[in-house]
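The values are calculated or read from the model by the stated rules, or taken from the named source; none is laboratory data. The model shown is predicted, which means the values in this text are computed figures rather than measured ones. Side chains are part of the model used for accessible areas, which takes the heavy atoms of the whole protein and leaves out ligands, DNA and RNA. Shrake-Rupley method; radii C 1.70, N 1.55, O 1.52, S 1.80 Å.
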Amino acid sequence: MRRAAVYCAIDRADRAAAEMLARSIKGHVGGLKLGLEFFTANGPREVEALQALGLPIFLDLKLHDIPNTVAGAVRAASALGVRYLTVHAAGGRAMLEAAAHAAAASPTPPKLLAITVLTSLDESDLVVQGIVRPVADQVMAMAELALGSGIDGLVCSPLEVEGLRRRFGPAPVLAVPGIRPAGGALGDQKRTRTPSEAQAAGADVLVIGRPISDAADPAGAARAIADELDRAAA
Ligand code: C5P
């Protein structure tokens, strides 16, 4: 079984707190996930500063705009040297292809991951947008669109990962949030899996935030997750 990489979600706008957390877990995680909160508050130079600690960065900007604008943003993010960058599949084929071309043209191309359907949306939200098929079918259609447009992988819920892996085979990178160690607090995540369950279902990247960042001992929490994944993958 492939050993999944843990990317710790640093959902903090405060850069000093983010750096302290990143330093403490550095030896026990595969990378750091920085989202809109961190990026909007601190900007690209602080992304580079965290990256300089020696961990790859998953830059979760969920880009969604006209193709030319997204291509420009992908070029700029690629120049930072981040490992993963997210875009919305809902931006459409031309936007996704423009993003893929922009990344490929960079000397340091990130892997692009597409959001299929935000997990905060339910069927009634989709109906308002004129989408009447079930959420699961919409996820599959958006996944097909993204992967058919040159996008490298998908962000998906722990409940979707197995079906997507079966449908699309070993190539796409599948990045999975909503992970909770057995017995841990769920927080606002409702449909969760443990790290080893998500790895067994075919996840390549586990995005884990509060179970590490809010732990009394973040390094210990990260190490326990790494040990669990090592044992299960051995
Ligand atoms: O703290 P927690 O482990 O829930 O953090 C998970 C991270 O993954 C957060 O940064 C959250 O924004 C992100 N995420 C998520 N659920 C999704 C997509 C992204 O929790 N469906």
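Odds and ends about this structure:
- The mean sequence separation of alpha-carbon pairs under 8 Å and at least six residues apart, normalised by the residue count of the chain, gives a relative contact order of 22 percent.
- Inter-part distance, the stretch 43-79 to the stretch 183-206, computed on C-alpha centroids, equals 26 Å.
- Within straight-line cross-link reach of LYS190, aspartates and glutamates at Cα separation under 17 Å, skipping those fewer than 8 residues along the same chain: ASP122, GLU123, GLU160
- Among ASP188, ASP65, ASP137, residue whose mean-square fluctuation peaks in a GNM of the chain (springs only between Cα atoms under 10 Å): ASP188
- Pairs of Cα atoms nearer than 8 Å and 6+ residues apart set the relative contact order; for the stretch 1-124 it is 20 percent.
- Prolate/oblate/rounded label for the stretch 5-233 (Cα gyration tensor, a/c 1.5): oblate
- For the chain, accessible area per residue (1.4 Å probe, heavy atoms of protein chains only), Å²: 46
- Portion, in percent, of the accessible area of the chain that falls on carbon or sulfur, probe 1.4 Å: 54
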